[in-house]
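Participant: Dropping the structure in here first, questions after.
What follows is calculated from the coordinates using simple rules that are stated; it is not laboratory data. Just so it is clear, the structure is predicted and the values come from calculations on it, not from any experiment. Note that each Cβ is placed from the backbone with ideal geometry, even for glycine, and that neighbours are counted across all protein chains shown.
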Amino acid sequence: MASDQTVPENQTPEEADESIDATPMYRKKRIILPVFIALAIACAAGWYWYVNLRDFESTDDAYIDADRVTVSSKILGRITQLMVDEGDSVAAGQVLVRIDDSDLKAQEAQAAAALAAAQENVKLANVNLDNATIDFHRAEKQLAGNVITQEQFEHARKARDAAEAQRAVAVAQVGTANAQLGVIRTNLANTMIMVPVRGVVSKRWALAGDVVQPAQPIFSIYAMSHLWITANIEETRLAQIRLGAPVDIDIDTYPDRAVRGKVFQIGSNTAGEFSLIPPNNASGNFTKVTQRVPVKISLDEETARQLRLLPGMSVEVKIRVR
């Protein structure tokens, strides 16, 4: 049998075995060392649980989020110039895209000519109405003096009514031409696509020379003025989380930088409800899966300004629940 002690030369093997058996348990290294190591591991695990897990709900299923705006065209046209590229910072009102406006300018000239013609028609209709009105009043006097017949008087009255109708049509044509010109000028304004919010261009979806359709994405822009963290918490661990709870945040990009935040919104639905293929639990092959609920966490504004944070960066969060 293996021994933790060396057998002296003046002892027989039997005496040595008796000496080993007589050794107290707490002096046997092969027993004491494993027990000590096990106790140390248990104490370390207990201390880690007490300090880091007991009062917190944590997850690494979290990332930095921001409002994203998709910039698209409102008209059909060919892109002539892109003023920015991916990664550029943009300000609200800045021109992003220019679309070919040559056809629209030709239509604008045509509509302007039609408007001018309609306005001249109104002038002509006013002259005709004035003449018809004068003739009608003259016919009234002549009918009273028995100079003309009733039939001639009726012709004069109908001529005046027709002149009034022609004037109304001419005025309506002016309104129609003016509206058409306004539509074309609005489309001309839409050939210059502006930035709706201050932010950073995250994705370019088209190139100069591409023909874009209405509502077709051209750029995606993240509004960097307001960043937050979206953490997907398991539904079984959601009950103790409260609004305003402090949060410790570890950003993978800045592992040595401590960041603080607070819970400002708890999702009203699970993340799976708006996935590309939502779960259909009404089917016969249902398998229960623990769902996750998005919890939004605000970032300390001063720290967020100091760090270069980008939407999509991975983080780990610890939400204090006690």
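Participant: Given the DSSP H assignment, sum -39500 (n - 2.57) over each helix run of at least 4 residues in the chain and divide by its residue total; what's the result at 222 nm in deg cm²/dmol, nearest 500?
Facilitator: -13000 deg cm²/dmol
Participant: Now a separate question. Arrange 256, 85, 248 by Cβ neighbour counts within 10 Å, fewest through most, would you?
Facilitator: By the 10 Å Cβ count, ascending, the order reads 256, 85, 248.
Participant: For segment 296-307, take each phi angle, set θ = phi - 60°, evaluate the Karplus expression 6.51 cos²θ - 1.76 cosθ + 1.60, and give the result in whole Hz per residue in order, putting x for glycine and proline.
Facilitator: Each residue's phi maps through the Karplus curve to give 9, 10, 7, 9, 4, 4, 5, 5, 4, 6, 6, 9 Hz.
Participant: Considering only C-alpha atoms, what is the centroid distance from segment 52-98 to segment 147-194, in Å?
Facilitator: If we compute the Cα centre of each part, the gap is 49 Å.
Participant: Angle check, please: helix 150-189 long axis (alpha carbons) against the longest principal axis of the chain (alpha carbons), in degrees 0 to 90, nearest 10.
Facilitator: In the chain, helix 150-189 runs at an angle near 30 degrees to the longest axis.
Participant: Which whole-number percent gives the relative contact order of the chain, counting Cα pairs below 8 Å spaced six or more residues apart?
Facilitator: 28 percent
Participant: Something else now. Sorting 286, 153, 219 on the 10 Å Cβ count, fewest up front, what's the list?
Facilitator: By the 10 Å Cβ count, ascending: 286, 153, 219.
Participant: For a quick check: sort 228, 205, 47 by the number of other beta carbons within 10 angstrom, fewest at the front.
Facilitator: So the residues, fewest neighbours to most, are 47, 205, 228.
Participant: Please compute one quarter of the surface area of the Cα convex hull for the chain and express it in square nanometres.
Facilitator: With the hull built on Cα positions only, its mean projection is 38.8 nm².
Participant: Starting from the Cα of residue 74, draw a straight line to each of the aspartates and glutamates and keep only those under 14 Å, dropping any in the same chain fewer than 8 residues away.
Facilitator: By straight Cα distance, residue 74 reaches 100, 101.
Participant: Rounded to a whole number, what is D in µm²/s for segment 101-190 from Stokes-Einstein with the Kirkwood radius over alpha-carbon pairs (25 °C, 0.890 mPa s)?
Facilitator: For the chosen part, D equals 161 µm²/s.
Participant: Here's another thing I want to ask about it. Which aspartates and glutamates have a Cα less than 15 Å from the Cα of residue 203, not counting those fewer than 8 places away in the same chain?
Facilitator: Answer for residue 203, where 15 Å is the Cα cut-off: 67, 85, 86, 88, listed by chain and number.
Participant: From the backbone phi of segment 216-228, what are the Karplus-calculated ³J(HN,Hα) couplings (6.51 cos²θ - 1.76 cosθ + 1.60, θ = phi - 60°) in whole Hz, Gly and Pro given as x?
Facilitator: Ordered by residue, 3J(HN,Hα) equals 6, x, 10, 9, 10, 10, 9, 7, 7, 6, 9, 10, 8 Hz.
Participant: Now a separate question. Helix 29-48 versus the longest principal axis of the chain: what angle, 0 to 90°, nearest 10, using Cα atoms?
Facilitator: 20 degrees
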